[in-house]
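Accompanying notes for the structure given below.
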There are 2 protein chains.
Amino acid sequence: MEKKLPTIKEIARRLNISASTVSRALHDHPSIGLRTKMAVKKLAAELNYEPNQTAIFFKQRKTFTIGLVLPNLREEFFSAAINGIEDVALDHKYIVLIGQSHNDLAREQKLVETMKNHRVDGIIASISSSTTHIEHFEQMKNYDIPVVFFDRVPDAKDIHSVSCNLYDSSVEAVEWLFNNGHKRIAYLQGPATLNMKNERLDGYVEAHKKHKLPVDESLIVSTDLSVEGTRKAIDALLLLKKRPTAILSFNDYVTLDAIQYARQKKLVINKDLCFVSYANVPVTQYVEYPPLASVEQFPYDQGVSATELLFRLIDKKLAGQESPYENIVLKSELIIR
Amino acid sequence: MEKKLPTIKEIARRLNISASTVSRALHDHPSIGLRTKMAVKKLAAELNYEPNQTAIFFKQRKTFTIGLVLPNLREEFFSAAINGIEDVALDHKYIVLIGQSHNDLAREQKLVETMKNHRVDGIIASISSSTTHIEHFEQMKNYDIPVVFFDRVPDAKDIHSVSCNLYDSSVEAVEWLFNNGHKRIAYLQGPATLNMKNERLDGYVEAHKKHKLPVDESLIVSTDLSVEGTRKAIDALLLLKKRPTAILSFNDYVTLDAIQYARQKKLVINKDLCFVSYANVPVTQYVEYPPLASVEQFPYDQGVSATELLFRLIDKKLAGQESPYENIVLKSELIIR
DNA sequence: CATTTTTCCGCAATCGTTTGTTCATTTATT
DNA sequence: AATAAATGAACAAACGATTGCGGAAAAATG
């Protein structure tokens, strides 16, 4: 069985020359004569020689692999981001190792560990909702593995990140609702771990400030992103004496759950209750009552940007240079249906 | 910069013993005395020693990596399958290299090539809709890299595969429609490359046979899975003098497009026109007019099954044994809403 | 023709780990 | 006490490719 693949040594043996000569010939090294170079290339082609990458990885201390740690692949947001990441990676002749944390810190840690063992050249990550600390990522500094966070960026300094500016579009979203006659706008926020840098809320507050309206704390509710959590949050809002007429909601998935539940409660969407959301995922096209507007976060572009940043870091590292911490912020855009 | 990580050699040097002793000590080799074993382990722990996997990969001719080639990650079907694959892989201490073909043959070939270069221990693939031949996969035999196809399985012999039996549930689906009073049932099929083994159609025909009804060829239309393609197919059906009252549709995504279009055309879904489909993806929960029924194809289980098969093949290969071609067929299930 | 320069290629080390073999020392056996 | 057996550890090769250095043969120079 186990046919063994042709190696440089094999070529060298057959041509009665040394392995180093074969290696140089294949790399068009100037110090190899045309005659032998041709002979080597000819035989290499005949034997269908292909360099053993694992040997090269080992020797070069590079694996041409980047690790990608994500909460999940189910959300179209992340699969779109992967497209961006994969495209850039393939351009650089890199390949992507993907792992899902399923929003579990322990699994996220294990993934990072495994990727470190596989000696990935760099890591791109969007943290899980249960990620309360990022030691496992910080550890990577000891291994000279650069880490770039995107979208779900931990609230820490000394990190590299790519994310969307959600503040401006949050202001815009809430103002848009005000301008459409809404007076009481609720904010359905995500779990605390994802709110450390709470741009959505800041924007929500700022819009109220601009319109000289007070912020009613009882209109701010939270969900852990589960269906149940979202329902409870909606329940809380519906129990209020003065109900909101619109909800700014953490993301489209939460919004879909919320809308479904509100309809069960016999509310008429876009009449009794309006939704504005984040992510602008394509599936909302198919639903009967989608959010009125959604903040596009350009996952593909975030992916591209994060990967490009990572490659810059890798290059710097190889050149032995330090890189300053970069925190790239992309624009988001309120898409009104 | 480039701090260098502790190696076995380093430990050996510090303890004034040989590298081989260190290696054996760390592996609890019986021929190492307790005294030195302890010393080695102690120092290894202090230095935070971790074996260099790339060196091991190289030496062992194993990378503990499996390649996964998919049409895309957007479809929840595939991301669910990945969950199954990832779970089994992690159990075996393997990691997954994911690549999307985006239904492009050239890209699929490139991915397979790249994965081969990375010396993956095995490949799991669901072919793209433009994959007209599978030479690139067959090539892998020359490199002793086993390939397991799942779900979208090419129509070829001498392959390993895992797929769902869609024949039985297709019969069941069409009979269910007959039993609900439908007389004219259309079949909206996918592109030719994915229909080589056309179980859906065979089931559709069989159901007609069982009910002693003729199959009207004009009721069988095709889509390339694009929105446009689906619309054209629906147009063709709507132009018929005797329109169908129900459509058996290739999958849920196509169905959502079809339903959206039919509604634009002022048809009342589930009255003028009913849909039964395949995949049973969760997003259909959120839409106003989902297909009445959908064939669940258990992507997670397919993923698990394919991965387990792959590991059996890898083990056999390492043991130097031949493996017979296995084509595992899982049950599917018609889910009625 | 003698010397310098250029051209071309081989030697050997290296990356970090594993493993078959050998060898010295200690312990057990008669 | 002499020999046999068991123990513990070192040596060296190997995996496949790369690369600095040195050196022989060929070409160019005076």
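For the reader, a short list of remarks on this structure follows.
- The residues of the range B:67-89 occluded by other protein chains by 30 Å² or more of accessible area, set against the chain on its own, are B:Leu73, B:Arg74, B:Glu76, B:Ser79, B:Asn83, B:Glu86; surface from heavy atoms, 1.4 Å probe.
- For the protein assembly as shown, share of DSSP beta bridges that run antiparallel, in % to the nearest 5: 10
- With contributions of -39500 (n - 2.57) from each DSSP H run of at least four residues, the per-residue ellipticity at 222 nm computed over the protein assembly as shown stands at -13000 deg cm²/dmol.
- Across the accessible surface of chain A, with the other protein chains kept in place and a 1.4 Å probe, carbon and sulfur atoms take up 52 percent.
- Counting only alpha carbon atoms, the long axis of helix A:166-179 and the longest principal axis of chain A meet at about 30°.
- Across identical copies of the chain, A:Lys183 has label-point separations of 5.9 nm, listed in ascending order, with the point defined 7 angstrom from Cα along Cα→Cβ.
- Neighbourhood net charge (9 Å Cβ-Cβ; Lys/Arg +1, Asp/Glu -1) for A:Val281: -3
- The antiparallel fraction among DSSP beta bridges confined to chain B stands at about 10%.
- Chain B contacts chain A over a buried accessible area of about 5400 Å², both sides summed; the probe is 1.4 Å and only protein chains count.
- Solvent exposure of chain A, expressed per residue, is 46 Å² of accessible area, with all protein chains present and a 1.4 angstrom probe.
- Burial of 50 Å² or greater, the range B:1-36 residues [accessible area, probe 1.4 Å, versus chain by itself]: B:Met1, B:Glu2, B:Lys3, B:Leu5
- Across the identical copies, the 7 Å label point of B:Lys242, projected outward along Cα→Cβ, sits 6.5 nm from its counterparts, in ascending order.
- With 0.36 nm allotted per residue and the present C-alpha distance subtracted, the B:Lys62-B:Asp91 stretch has 8.8 nm of extension available.
- For the peptide B:59-65, the mean number of other protein chain Cβ atoms found within 10 angstrom of a residue's Cβ is 3.
- In the assembly of identical copies, A:Lys316 has its label point, taken 7 Å from Cα in the direction of the beta carbon, separated from the corresponding points by 5.0 nm (ascending, one decimal).
- For the protein assembly as shown, the convex hull spanned by the alpha carbon atoms encloses 196 Å³ per residue.
- Across B:Lys197/B:Lys242; A:Lys9/A:Lys42; A:Lys116/A:Lys316; A:Lys93/B:Lys316; A:Lys42/B:Lys317, pairs whose alpha-carbon gap is larger than 27 Å: B:Lys197/B:Lys242; A:Lys93/B:Lys316; A:Lys42/B:Lys317
- Note on B:Asp272 and A:Lys271: with the Förster distance fixed at 22 Å, the Cβ-Cβ geometry gives a FRET efficiency of about 0.25.
- Residue of chain B with the smallest Cβ distance to the axis mapping B onto A, distance rounded to whole Å: B:Glu288, 2.
- Comparing A:Ser31, A:Ser305, A:Ser323 in a Gaussian network model of chain A, where Cα atoms under 10 Å apart are tied by springs, the biggest mean-square fluctuation is seen for A:Ser31.
The values are calculated or read from the model by the stated rules, or taken from the named source; none is laboratory data. Computed from a predicted structure; not experimentally measured. Please note: Cβ atoms are built from the backbone with ideal geometry, for glycine as well, and neighbour counts cover all protein chains shown. Note: accessible area is taken over every heavy atom of the protein model, side chains too, but ligands, DNA and RNA are not part of it. Shrake-Rupley method; radii C 1.70, N 1.55, O 1.52, S 1.80 Å.
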